[in-house]
1. So which residues in the stretch 4-45 are part of a strand (DSSP E or B), aliphatic (A, V, I, L, M) and closer than 17 Å to ASP79 by Cβ?
2. Scanning the stretch 53-67 for residues that are of a type in the set (D, E, K, R) and farther than 27 Å from GLY82 by Cβ, which turns out surrounded by the most Cβ atoms within 10 Å (Cβ to Cβ)?
3. Name, by its number, the condition in (1) modelled with pLDDT under 95; (2) not in a loop (DSSP other than H, G, I, E, B) that does not hold for ASP79.
4. Of the residues in the stretch 33-52, how many are of a type outside the set (Phe, Trp, Tyr), loosely packed, with under 15 Cβ neighbours inside 10 Å and modelled with pLDDT of 95 or more?
5. Spot the failing condition for VAL44; the list is (1) under 14 Å from ILE3 (Cα atoms); (2) touching a Phe, Trp or Tyr at 6+ places or on another chain (Cβ under 7 Å); (3) among the hydrophobic types (A, V, I, L, M, F, W, C), and only one is missed.
6. Looking only at the stretch 46-75, count how many residues are in a strand (DSSP E or B) and within 12 Å of the chain's Cα centre (by Cα).
7. Which members of the stretch 1-21 meet the condition of being under 12 Å from the mean Cα position of the chain (by Cα), under 22 Å from SER64 (Cβ atoms) and surrounded by 15 or more Cβ atoms within 10 Å (Cβ to Cβ)?
Amino acid sequence: MRISVEISLYPLEAQYEAPIIAFIEQLHQDPTLDVQTNGMSTQVFGEFDRLMKVLIPAIKTTFSEEIKQAMVLKLLNTDVSGFKEADLQLS
């Protein structure tokens with residue numbers, strides 16, 4: 001099953017860029033995942049088991065840092081990477 005995960009990471013310190021970049025780089029280590037970023041979040045698309053095998057260690061590594069952080073995850077049980085807004089209209 002292919003899924004979509006939207007991730008927002010909020011390091012609670014003035015120098016917040018480095019932890020975010022390091023987290024995204026961990027996600028990019030697996031070429032089977034489609035990782036897309038924008039100014040507010042990172043979206044990851046792929047097979048459920050493979051995505052979780054990459055995501056969980058990345059979260060653990062990030063949370064092992066000494067800085068306090070908040071992370072928000074949204075998981076969808078479908079791959080919406082190719083969807084257009086019109087495709088998602090509910091009737």
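1. Across the stretch 4-45, the qualifying residues are VAL5, ILE7, VAL35, VAL44.
2. Ranking the qualifying residues of the stretch 53-67, first place goes to GLU65.
3. ASP79 satisfies every listed condition except (2).
4. 5
5. (2)
6. 6
7. VAL5, ILE7, LEU9, ILE20
The values are calculated or read from the model by the stated rules, or taken from the named source; none is laboratory data. As the structure is a computational prediction, the values presented were derived from the model and not from experiment. No Cβ is skipped: glycine too gets one built from the backbone with ideal geometry, and neighbour counts run over all protein chains shown.
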